[in-house]
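This report concerns only the one structure given below.
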Amino acid sequence: MSILRNTVIKNQCGICLGPPAREVGKVNDSQVIGNTVFDTDVLDGIALTGDNNSVRSNTITDSGRSGIFLEGDDNEIRRNNINGAPIGVLETTGSEGNEISGNQFANTPTPIRDTVGKAQNTAGTAAEPATTGGIEAFR
């Protein structure tokens, strides 16, 4: 599945791939590229449950929980601009092998966080306090 160059405004979840963990199923081998997501009131700008997916070059503004929610393995989260989210990239515990790099954050107190609550660097290893590796501010 490919979701390319869309504009999504005013939803509970902007672009959602896959059900929550308590439900059966995942979305694998998909692309979410070049989208613009505004004003996600409750949850995430982009939510991804699955493996081997790519979320790249998206602009996400004003998300209720996180800019990007990630549950799964071997996903690529790169070159996204996230502005105005409590958490930039929220990666669930147990997710492994994900590449989170080159993303830009503004007005986002916690750029990258796993659900255990520890900030993470771009390699996905726990680090306290939050590191700045691979994190760039944008204007």
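Derivation of every value follows stated rules applied to the coordinates shown; laboratory data play no part. As the structure is a prediction and not an experimental result, all values here were calculated from the model. Positions of Cβ are generated from backbone atoms using ideal geometry, with glycine treated the same way; all protein chains shown enter the neighbour counts.
Here are the numbers for this structure:
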read-out: In sequence order, calculated HN-Hα J values of the range 82-92 (Karplus, 6.51, -1.76, 1.60; Hz; x Gly/Pro); value: 10, 9, x, 10, x, 10, x, 10, 9, 9, 6
read-out: Under 5 Å, built H, 5+ apart or other chain: amide partners of Asn53; value: Asp29, Ser30, Asn75, Glu76
read-out: Vicinal HN-Hα couplings computed from phi for the range 59-68 (Karplus, 6.51 cos²θ - 1.76 cosθ + 1.60; Hz; Gly/Pro x); value: 10, 10, 10, 6, 9, x, 10, 8, x, 9
read-out: Charge dipole (debye, nearest 20) of the range 1-110; +1 at Cβ of Lys and Arg, -1 at Cβ of Asp and Glu; value: 380 debye
read-out: Relative contact order %, the range 47-91, counting alpha carbon pairs below 8 Å whose residues are six or more apart; value: 47 percent
read-out: Qualifying trypsin sites (Lys or Arg not before Pro) for the range 1-109 [loop in DSSP, other Cβ within 10 Å: at most 12]; value: Arg5, Arg22
read-out: Ranked Val27, Val89, Val32, criterion: other C-beta atoms within 10 Å, fewest first; value: Val27, Val32, Val89
read-out: Ascending count of other beta-carbon atoms within 10 Å, so fewest first, for Ile68, Ile9, Ile77; value: Ile9, Ile77, Ile68
